[in-house]
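The values are calculated or read from the model by the stated rules, or taken from the named source; none is laboratory data. None of these values were measured; they are calculated from a predicted model. Quick reminder, even Gly has a Cβ in these numbers, built from the backbone with ideal geometry, and neighbours come from all protein chains shown.
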Amino acid sequence: MNSKKGNKRKRIIVGTIIFFMLFGAYNLIWYQITYSKYDKFSKDMEPVFKGMLAQVYYSTSYHCREDGYQYSVKYPDYLFYTGNLAISNDDDTCSIIIWPSFFGNTKYGVMIQDEQDGYQIMVDENMEPIDKYFAPIIDKHKEVVKPLFDKANERWDTL
């Protein structure tokens, strides 16, 4: 009877050890994959700290202003693979958000604020809207959107 109890206990202990080893390995792999990619994006940028104790921990948001544009990088949250890159003009009338993918499916969003309305439009790498309904809006604001795409590509080489 005692040997059955002892074997069951050993299996539980071994299973628990294996679980924590696999979980630790997954954490290390996740950290290496995400942070190696996003460290390149946030090079030469200042960390953004939020909260009283935030400076004790590694920042996951970075920001800088350069040549009349605001750039920001948001690292993926814990055990997620999606962060984002953003660029906006100084008057905040247009912004681009880029969600880099590790698997070649990078997504792009454009936020446009004109005199009366605001738009959030998903586009492809050629600035073509995914939903063709928004094509006239993108065309109308192309002179503002195009320089943002060019600056994003210049800084992050994502397009």
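For the reader, a short list of remarks on this structure follows.
- Total residues in segment 68-96, condition among the β-branched types (Val, Ile, Thr) and closer than 19 Å to Asp44 by Cα: 2
- Restricting attention to segment 3-49, the residues being part of a helix (DSSP H, G or I) and acidic (Asp, Glu) number 1.
- Filtering segment 81-119 to residues that are among the hydroxyl-bearing types (Ser, Thr, Tyr), within 16 Å of Pro147 (Cβ to Cβ) and modelled with pLDDT under 90 leaves only Thr93.
- Every residue from segment 114-157 that is surrounded by 15 or more Cβ atoms within 10 Å (Cβ to Cβ), within 29 Å of Tyr81 (Cα to Cα) and of a type outside the set (A, V, I, L, M, F, W, C): Tyr119, Pro129, Pro147, Lys151, Arg155
- From Asp77, Asp139, residue being of a type in the set (D, E, K, R) and more than 17 Å from Tyr38 (Cβ to Cβ): Asp139
- For segment 1-44, the candidate set comprises residues that are among the small types (Gly, Ala, Ser) and surrounded by 10 or more Cβ atoms within 10 Å (Cβ to Cβ); within that set, the residue that is nearest to Trp156 (Cα to Cα) is Ser42.
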